[in-house]
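What follows is a short report on a single structure.
Bear in mind these aren't lab numbers, they're just calculated from the coordinates by the rules spelled out. What you see is a predicted model, and the numbers here were worked out from it, not measured in a lab. Here the Cβ positions follow ideal geometry from the backbone for every residue, glycine too, while neighbour counts run over all protein chains shown.
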Amino acid sequence: MPTWPRYSYDGLPTGPAADRNNTVVAADSQANVRVQSDACHTLGVDNISPNINLNVLKNIGYPVKASDEPTEKYEKIGQVGEGTYGKVYKARSKVTGELVALKRIRMESEKEGFPITAMREIKLLQKLRHKRIVQLSEIMVSKGSVYMVLEYMDHDLTGVLGHPEFRFEPAQAKSLIKQMLEGVAFLHHMGVLHRDIKGSNLLLNKKGELKIADFGLARIFQKRRTHDYTNRVITLWYRPPELLLGATAYGPAVDMWSVGCIMLEFFTGKPVFNGSDEISQLEIIYKIMGTPDETIWPTVVDLPWWELMRPKQPLPAKFRELFARYVDYEVLQQCFLMSDGALELLEALLALDPSKRPSASDALKFPYFVAESLDTGSPANLLEITGDWHEYESKRKRKSGTSSALNGNGDVKKASVTDKR
Ligand SMILES: Nc1ncnc2c1ncn2[C@@H]1O[C@H](COP(=O)(O)OP(=O)(O)OP(=O)(O)O)[C@@H](O)[C@H]1O
Ligand SMILES: [Mg+2]
């Protein structure tokens with residue numbers, strides 16, 4: 001694989017992450033939680049009454065152990081993630097020896113209660129049983145904390161891409177891109193928008209399998225109608241232009257843009273659209289993909305912030321020029337960064353007009369998968385990576401300058417909103 005110059009993560013602006021819905025479900029006590037009724041509504045959870053207790057968690061289909069202290073059943077091995085609402089630990093079952101991830105949902109205080117994002121995630125994971133979606137096995141409640149017990153995944157994509165030596169071969173990148181699309185196709189088929197697709201939410205195991213995680217921003221969407229949803233979703237670097245221009249009626253195409261950004265990252269080794277705020281994010285997108293106008297995106301003029309953020313001057317698309325090939329200065333010759341098929345699919349996924357982006361199932365039918373080399377060799381050499389590589393460990397290692405892995409995460413800062421759509 002050509003060695004595209006890798007950028008250092010150090011010193012890069014930290015992209016503001018997706019705005020998590022900070023609405024909480026007030027807790028009366030350790031075992032009793034009260035949901036704000038409007039929150040129930042936005043969850044699309046018709047059967048949650050304003051007053052719920054642990055039975056609600058039981059009724060949504062999981063074994064809930066109210067009295068179990070997770071440490072009695074699981075031995076914590078180390079921290080692998082730090083999310084908005086708590087920490088994620090690698091742990092081993094004392095009964096079966098099986099590795100699990102314990103995602104602790106922090107309950108800041110009993111008054112604040114149970115975060116609606118966690119409720120959303122639990123409800124959705126229950127419906128989403130698929131080999132490309134991380135599986136939730138049980139929920140444990142102890143001392144004011146709720147733990148989601150998830151199948152353990154050795155790495156996340158951000159962690160592996162940040163590994164100082166490991167590089168994917170093109171066939172392995174193709175296998176993982178295919179697996180990501182299979183997962184997204186399943187989600188969209190089930191009527192779910194993920195709304196936070198990014199490297200740290202794409203988990204990998206040593207067998208080379210990819211699974212989608214983190215459903216805290218996900219929601220059910222109406223397939224036939226577009227709705228009034230919040231546009232404060234998706235981590236900035238992976239946020240599509242329509243959301244940056246204020247769209248509130250959107251659908252699966254928002255996830256497809258993020259998928260395109262991730263696919264590009266497989267080739268460049270780092271996020272390409274890396275703005276520090278919404279305006280610079282749009283500027284970077286325009287510089288690479290060209291500026292939109294009514295001819296290439298007829299409905300752009302209807303978007304709320306179009307006039308406000310209108311490009312000052314028209315810019316041509318430079319995507320092919322930038323990514324089709326590059327000069328390897330060591331041998332002073334032009335090298336291909338990606339195949340024609342990869343370029344074609346990427347250009348389609350990164351279409352400015354969301355209606356022109358392929359669906360996940362259509363993307364899987366592109367020549368990149370069906371005509372070019374069919375050998376999508378599963379990245380078995382993930383087995384060779386020593387230690388576990390999640391964003392948490394990678395960031396810690398970069399900060400401390402050490403190279404020992406948990407064997408841990410640190411995600412970009414979260415802004416908070418009260419918008420529940
Ligand atoms: N099942 C798992 N196996 C291994 N690691 C995991 C698992 N689930 C999550 N992690 C790690 O923990 C990190 C944080 O988890 P997750 O994204 O689910 O939490 P979050 O609080 O919703 O995160 P954030 O708000 O930071 O996006 C992930 O990026 C990943 O590195
Ligand atoms: Mg996450």
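Convex hull over the Cα atoms of segment 155-381, averaged projected area in nm²? Mind dumping the intermediate values first?
Details: hull surface 52.3 nm².
Mean projected area of the Cα convex hull: 13.1 nm².
For segment 120-160, take the convex hull of the Cα atoms, compute a quarter of its surface area, and give me that in nm², please. That works out to 3.9 nm². In terms of overall dimensions, the C-alpha atoms belonging to segment 125-189 reach 46, 34, 13 Å along their principal axes, ordered largest to smallest. Please find the FRET efficiency linking K207 to S276, where r is the Cβ-Cβ separation and R0 is fixed at 45 Å, and quote it to the nearest 0.05. Between K207 and S276 the formula returns 0.75.
Computed about its Cα centre, the charge dipole of segment 139-294 is approximately 420 debye, with only Lys, Arg, Asp and Glu carrying charge at their Cβ.
Here r is the Cβ-Cβ distance between S355 and R398 and R0 is 45 Å; the resulting FRET efficiency, rounded to 0.05, is 0.70.
What order do you get for 288-299, 388-399 when each peptide is scored by the mean count of other beta carbon atoms within 10 Å, highest first? Could the numbers behind the result be given before it?
Numbers: 288-299: 16.2, 388-399: 23.1.
Put in order of decreasing packing, that is 388-399, 288-299.
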